[in-house]
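> I'd like to ask you about the structure that follows.
The values are calculated or read from the model by the stated rules, or taken from the named source; none is laboratory data. From a predicted model like this one, the values you see are computed outputs, not experimental measurements. Cβ sites come from the backbone with ideal geometry, for glycine too, and all protein chains shown count toward neighbours. Note: accessible area is taken over every heavy atom of the protein model, side chains too, but ligands, DNA and RNA are not part of it. Shrake-Rupley method; radii C 1.70, N 1.55, O 1.52, S 1.80 Å.
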Amino acid sequence: MQTRLLPHYRESAWGGQAERILRACVHCGFCTATCPTYQLLGDERDGPRGRIYLIKQMLEGEPAGVTTRRHLDRCLTCRACETTCPSGVEYARLLDIGREQIERLAPRRPTDRAMRAALRRVLPWPRRLRALARLGQVLRPLLPARTRARLPRIGEDRPWPHARHARCVIIATGCAQRALRPETNAALARLLDRLGVGALAAPAQGCCGAVSHHLSASEEARDFARRNIAAWWPSIEDGAEAILIAASGCGVMVKDYGQLLAHDPAWSERAGRVAELARDPVEYLADFDLSAWRIDAARAGRIAFHVPCTLQHGQRLSGRVEALLESLGLELTPVADAHLCCGSAGTYSILQAELAEALRARKLAALEAGRPERLVSANIGCQLHLEAGAGRRVWHWLELLDELAE
Ligand code: SF4
Ligand code: SF4
């Protein structure tokens, strides 16, 4: 596609990248068919090709306002379009650029700004989030049914093993997962212990920055990244061989730290090293003989696995968790349209609640079709969002394996 970006955009730090991405798109429209928001809304501007065109128009100086912002806001950043695209268009990076510009060109109403600011002040901070979730549980009887359904179950703090091992990894504890499902990281630490690997949790680490990033607060996202790098660095220097991230949404973000801090000379080298060490647990476990876990697969019953977009499209690890579970003897039910997003998508389920609920209803119908005994996933956001609709627990696969290990 030809482009004529305005000179001040073209010469900006990201101008060359935006131009390259736009020019890679040949407007074939293959991506549109796999876009969940296009499937729901049927409007070209709610599909990837239309959004790419809206961003192109904006960067070429054509009028861009509330309508452009609405169509960009409705994007889930699920990246199904990237998986489908035969031309390798880096849609998500272009969307980041487009969203930052539209925030400036079409400022939000004060109420919207306040809502987004509140999300940034609560979600990335585990203590605040946990306190709010507890308050919600106390006020539960007084809340409307829709809000009650969305109140998350607060998980239990479980002990991490203390044994020392020659091999060790860092576990990125995250924010929402640490606040609401701390048992997931504890399960990972116990599973690693059985394999002779120690797990370190740097106390000063925090949110990966994804919440801020999705809300177009990019400098804040970079600050979260710097904080984590500083927290992990001593363990990296001491020989930690990987940084494991059980929440796939955070995994995508940490794997992108090199790119995020590429223009920061004080941090770029360490950010690149951290990105190299970042692994989803399923990648790290691929090199181990897992028989040491002695999994009692019969206790699990049949499982429907929801593969998060951040795992399949963001990290390109489609099918890996399913294969690992099956290799341990677990029975998985078929799930139709597994490539489609469940509607969680970071803060999307809060800011675009209607679309998120429609996507969740489709996803739950697909997951429940095989009458599974358990629903299982790999990302805290998907777990909470699906649980609110399913009315039953959605396990993280690591928690499930820890439960089944003898
Ligand atoms: S993003 Fe890719 S699949 Fe979509 S229209 Fe452009 S080239 Fe085609
Ligand atoms: S990221 Fe997902 S919702 Fe956004 S355009 Fe691509 S496929 Fe559609």
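> Through the Karplus equation 6.51 cos²θ - 1.76 cosθ + 1.60, θ set to phi - 60°, convert the phi angles of the stretch 330-340 into ³J(HN,Hα) values in whole Hz; use x for Gly and Pro.
Whole-Hz 3J(HN,Hα) from phi for the stretch 330-340: 7, 9, 9, 8, x, 10, 6, 6, 5, 6, 8.
> Would you mind checking which residues have amide H under 5 Å from residue 395's amide H? H placed 1.01 Å from N; only 5 or more apart, or other chain.
Here the answer is 375, 376, 377, since their amide H atoms fall under 5 Å of that of residue 395.
> Follow-up question, since we're still on this one. Which residue fluctuates the most in the chain, going by a Gaussian network model with Cα springs under 10 Å, if the choices are 155, 391, 249?
Sorting by GNM fluctuation, first place goes to 391.
> Continuing with this model, one more query. Mind listing the long-range amide H neighbours of residue 168? Cut-off is under 5 Å, sequence gap 5 or more, other chains count too, H placed in the peptide plane at 1.01 Å from N.
For residue 168, the qualifying residues are 198, 241.
> Can you compute 3J(HN,Hα) from phi for each residue in the stretch 71-78, using the Karplus curve 6.51 cos²θ - 1.76 cosθ + 1.60 with θ = phi - 60°, rounded to whole Hz and x for Gly and Pro?
5, 6, 4, 6, 6, 7, 6, 6
> Taking only Cα atoms, what is the 0 to 90° angle, nearest 10, from helix 182-194's long axis to the longest principal axis of the chain?
That helix lies at roughly 60 degrees to the long axis.
> Something else: Could you give me the ³J(HN,Hα) list for the stretch 24-31, computed from phi with Karplus coefficients 6.51, -1.76, 1.60 and θ = phi - 60°, whole Hz, x at Gly and Pro?
With coefficients 6.51, -1.76 and 1.60, one gets 6, 6, 9, 6, 6, x, 4, 5 Hz.
> Evaluate E = 1/(1 + (r/R0)^6) for residue 33 and residue 12, where r is the Cβ-Cβ distance and R0 equals 41 Å; express this FRET efficiency to the nearest 0.05.
Calculated transfer efficiency: 0.80.
> In addition: With r as the distance between the Cβ atoms of residue 118 and residue 354 and R0 = 22 Å, compute the FRET efficiency 1/(1 + (r/R0)^6) and round to 0.05.
Step by step, r from the Cβ atoms, then E = 0.65.
> Next question. Expressed as a rounded percentage, what relative contact order does the stretch 7-105 have, with Cα pairs under 8 Å and six or more residues apart?
33
> Can you tell me which of 90, 183, 156 moves the most in a GNM of the chain? Springs connect C-alpha atoms under 10 Å apart.
Of 90, 183, 156, the Gaussian network model singles out 156 as fluctuating most.
> Which angle from 0 to 90°, rounded to the nearest 10, does the C-alpha axis of helix 110-122 make with the longest principal axis of the chain?
Rounded to the nearest ten degrees, it is 30.
> In whole percent, how big is the carbon plus sulfur part of the accessible area of the stretch 110-150, probe 1.4 Å, protein atoms only?
Result for the stretch 110-150: 64 percent of the exposed heavy-atom area is carbon or sulfur.
> Which residues' amide hydrogens lie under 5 Å from the amide hydrogen of residue 278, considering only partners 5 or more residues apart or on another chain, with H built in the peptide plane?
Counting only residues 5 or more places away or on other chains, the set is 243.
> Take the chain, connect every pair of alpha-carbon atoms lying under 10 Å apart with a spring to form a Gaussian network, then pick out the residue of 113, 360, 222 with the largest mean-square fluctuation.
113
> Assigning unit charges at the beta carbon (Lys, Arg +1; Asp, Glu -1) and nothing else, what dipole magnitude in debye, to the nearest 20, does the stretch 1-160 show about its Cα centre?
1000
> Still on this structure, please answer the following. Write down the accessible area per residue of the stretch 323-362 in Å², having rolled a 1.4 Å probe over the full set of protein chains.
With all protein chains present, the stretch 323-362 gives 44 Å² per residue.
> Would you compute, for the Cα atoms of the chain, the largest minus smallest coordinate along each principal axis and list the three values in descending order, in whole Å?
Result for the chain: principal-axis Cα extents of 63, 48, 44 Å.
> Now for a different question. Computed FRET efficiency, Cβ-Cβ of residue 164 and residue 294, R0 30 Å: what is it to the nearest 0.05?
Plugging the Cβ-Cβ distance into 1/(1 + (r/R0)^6) gives 0.85.
> What does the charge add up to near residue 43, with Lys and Arg as +1, Asp and Glu as -1, over the other residues with Cβ less than 13 Å from its Cβ?
+3
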